[in-house]
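*Asks:* I'd like to ask you about the structure that follows.
The values are calculated or read from the model by the stated rules, or taken from the named source; none is laboratory data. Note that the coordinates shown come from a computational prediction; the quantities given were computed from them, not determined experimentally. Cβ placement follows ideal geometry from the backbone for every residue including glycine, while neighbour counts extend to all protein chains displayed. Surface areas here come from the heavy atoms of the whole protein model, side chains and all, with no ligands, DNA or RNA. Shrake-Rupley method; radii C 1.70, N 1.55, O 1.52, S 1.80 Å.
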Amino acid sequence: MSDTDLARQHEEPSNPAWLVLPRLRVQNANAISSPMTWGFPAITAFLGLMTALERRLGRDAGIALDSVGVVCHAFEPQVSAGGYTRSFALTRNPVGHDGSTSAIVEEGRAHLELTLVFQARVASPLLDAAARGDLVQRVAEQVAGMRVAGGSVLPHLADTPSGPHRRPVPELVLTPANEEAARKAFRRIARRCLPGFALVSRHDLLEARHTELQATAPGASRLDAWLDLSRWNHRAVLPTRPDGAEPPASGAAQAAEWQPDARPGWIVPIPVGFAALAPLHEPGTVGGARDPRVPFRFVESVYSIGQWLSPHRLREPAELFWFAERPDEQGLYLCANDYAVHLAQRSSASPDAQPVSSDQ
C-alpha cells in the first residue's frame, strides 16, 4: 500500500452521511430509565451505544458518529397483566451456596423494536459504493453482538417455507450537498421508519408551563411544572349557559363537568443527562470506579419533557438527532435535541402556523 493510500485511509472523516440501523429487535432492555421514570430507555443509553459502536469500528473504518435519532416501532414492557397497578415481572435468582434464598433485585425490562439513525461523517474512500457496502456489513456484525440499553439484539427471522422474509439491512446514505436534495433524502429515510414514533426534546413546554404556574403560584418550581406535565389533570368546570346568563348564586346546585387539560401532543417525562454533585476527582482516587484511568464525578439525573412524533412530521433532519453537550461550569452533562428550536423558528416565520400534535 502506498503512502498516499495510507493517508487516505486515516484521513479525518468530513463528508456528511446518515447511518441507518433499521428494525433492531431488542430483548430485555432496561425499562427503569432513572430514579423517577420508567418505560422507554433513557436517551443516554443510545448516545452510549453510539460511542461504543464508533470505538468498536476503530479509526481505520473512516467513519465518525456525531448524533443519534431514535424511532420506536414496538414497546412491550415485562409487567404483570391485569389491574390498574402493574409490577415488573422479576426473575428468581439461584439459591446461595448455603441453600438460602437470594434477594430479589427489582429490574425493569422491556422488549423493543427500534430504528436508529446516526448523523455521521465519512472519509473520502467511503464515497465509493463498494466501500460503503463493506462498512455496512461490518456495522451489522458489530451491532449484533452489542447491548442496546442493556438488552440483547435478536436476529431477524430467516426465510420461511411459505416464502422469503425481507430482512432489514443497515444503510449508509451520503448527505447531498444541496439543501433541498438533503431534505428529500431524509424524507425517504423517515418513510422507512413508518409506522413508528421518534423521540424529540420539548424542554420549551417545561419552561412555558413553569411560567404559567408562577403567574398563580410564585413559589412554583420547575419540578412542579415537570410533575404537572407528567400527569393527566382533570378540572371541574361549570358549563356555560346558552343564553349567556349569569350562573346560579353560590350555594345553589350546579352540575360541573370534569375536563382534562389540553396537551400539546404525546408528551412524556424523560431523563436527559446528569448534574454534578461533587468536584471532578483525579483518575484512580475513587475506589470502585468503573475505569480508574479517567476522572470520576458523582452525579444525579436531570429531567426534561420529550415528545413522540411520527417521523414524517419532522421538517428538518436536525430535528431528529440527539447529541451530547460538553459539560459547562455548572457540571451539567446533557443530551440535547434541536426540534424545539426549529419549531420556534417556523412559528416566528409563520405566526398563524399551528403546533404539531399527536392527533394530527
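*Asks:* Just give me the residues in segment 334-360 being more than 15 Å from the chain's Cα centre (by Cα), modelled with pLDDT of 85 or more and within 30 Å of A74 (Cβ to Cβ), in sequence order.
*Replies:* V341, H342, L343
*Asks:* Here's a follow-up. Being within 30 Å of P317 (Cα to Cα), open to solvent by 40 Å² or more (accessible area, probe 1.4 Å), in contact with a helix residue (DSSP H, G or I) (Cβ under 8 Å, 6 or more places away or on another chain) and part of a strand (DSSP E or B) is the requirement here; does Q142 meet it?
*Replies:* It is false that Q142 is within 30 Å of P317 (Cα to Cα), open to solvent by 40 Å² or more (accessible area, probe 1.4 Å), in contact with a helix residue (DSSP H, G or I) (Cβ under 8 Å, 6 or more places away or on another chain) and part of a strand (DSSP E or B).
*Asks:* Then there is this: Collect the residues in segment 19-56 that are closer than 18 Å to P170 by Cβ and assigned to a strand (DSSP E or B), keeping them in residue-number order.
*Replies:* Across segment 19-56, the qualifying residues are L19, V20, L21, P22, R23, L24, R25, V26.
For (1) in contact with a strand residue (DSSP E or B) (Cβ under 9 Å, 6 or more places away or on another chain); (2) charged (D, E, K, R); (3) under 23 Å from L24 (Cβ atoms); (4) open to solvent by 80 Å² or more (accessible area, probe 1.4 Å), each residue gets a yes or a no:
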{"position": "A103", "(1), (2), (3), (4)": "no, no, no, no"}
{"position": "E107", "(1), (2), (3), (4)": "yes, yes, yes, yes"}
{"position": "A110", "(1), (2), (3), (4)": "yes, no, yes, no"}
{"position": "T115", "(1), (2), (3), (4)": "yes, no, yes, no"}
{"position": "P125", "(1), (2), (3), (4)": "no, no, no, no"}
{"position": "A129", "(1), (2), (3), (4)": "no, no, no, no"}
{"position": "Q137", "(1), (2), (3), (4)": "no, no, yes, yes"}
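*Asks:* Additional query: Out of all the residues in segment 14-26, is one or more surrounded by fewer than 17 Cβ atoms within 10 Å (Cβ to Cβ), of a type in the set (G, A, S) and at pLDDT below 95?
*Replies:* So far as segment 14-26 goes, yes, one or more of its residues are surrounded by fewer than 17 Cβ atoms within 10 Å (Cβ to Cβ), of a type in the set (G, A, S) and at pLDDT below 95.
*Asks:* Tell me the residue from A103, A123 that is free of Cβ contacts under 8 Å to residues at least 40 places away in the same chain and hydrophobic (A, V, I, L, M, F, W, C), please.
*Replies:* Among A103, A123, only A103 is free of Cβ contacts under 8 Å to residues at least 40 places away in the same chain and hydrophobic (A, V, I, L, M, F, W, C).
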